[in-house]
Amino acid sequence: MPYIDVHTNSESGDTEQALDRLIGAVADALGKPRTITSSAVSRGPLRFKDSGDPAAWAHVWSLEPITDDQARKLTQDLATLLSELFGVPADRIWVVISGVPRNRWGTATGLMSDR
């Protein structure tokens with residue numbers, strides 16, 4: 001159940017297209033189906049390196065541990081994609097990747113570890 005949350009101060013790019021392409025990039029890099037991958041994009045003020053120039057932060061969560069090779073691919077793929085989608089220079093994009101234990105991810109029906 002990978003999930004990516006992107007925040008950018010860029011006004012460029014189409015949000016709906018970005019949501020779909022982000023799902024594809026995360027699913028491909030982690031070897032997960034698109035049908036269980038989610039994405040979100042928010043836009044608003046963001047200061048980075050003491051500047052309000054276009055920038056982006058992306059945080060990816062996944063239920064299972066993410067290997068170093070997957071993290072490298074995901075970071076590179078997302079930096080390229082976010083630059084393309086939002087016109088943000090690659091050196092103003094940061095990616096955080098978190099592996100979440102199954103007993104810390106749940107829905108109304110219970111924890112993933114209970115399934």
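Nothing in this text is a laboratory measurement; each read-out follows from the coordinates by a stated rule. Fair warning: this is a prediction, and the values are worked out from it, not measured in the lab. Glycine also receives a Cβ, built like all others from the backbone with ideal geometry; neighbour counts cover every protein chain displayed.
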Loop-resident sites, the stretch 1-84, for trypsin sites (Lys or Arg not before Pro), counting at most 15 other Cβ within 10 Å (DSSP):
47, 49
How much of the DSSP bridge set in the stretch 3-106 is antiparallel, in percent, rounded to the nearest 5?
35
Report, in debye and to the nearest 20, how large the dipole of the chain comes out about its Cα centre when Lys and Arg carry +1 and Asp and Glu carry -1 on their Cβ.
340
For the stretch 1-66, what value does the Rg/Rh ratio take when both radii are computed over Cα atoms and Rh is the Kirkwood radius, given to two decimals?
1.03
Rounded tilt (10° steps) of 15-30 against the dominant C-alpha axis of the chain
50
Using the charge dipole of the chain (Lys, Arg: +1 at Cβ; Asp, Glu: -1 at Cβ; taken about the Cα centre), state which of 3, 51, 86 has its Cα farthest towards the positive end.
3
Rounded to the nearest 0.05, FRET efficiency between residue 42 and residue 113 (Cβ-Cβ, R0 30 Å) equals 0.55
Please name which of 103, 24, 66 has its Cα lying farthest along the dipole of the chain towards the positive end, using unit charges on Cβ (Lys, Arg +1; Asp, Glu -1) and the Cα centre as origin.
103
Identify which of the listed values of volume of the Cα convex hull per residue in Å³ was calculated from the structure shown: [x] 77; [y] 132; [z] 111.
[z]
In deg cm²/dmol, rounded to the nearest 500, the helical mean residue ellipticity at 222 nm of the chain, built from -39500 (n - 2.57) for every DSSP H run of length 4 or more, is -10500 deg cm²/dmol
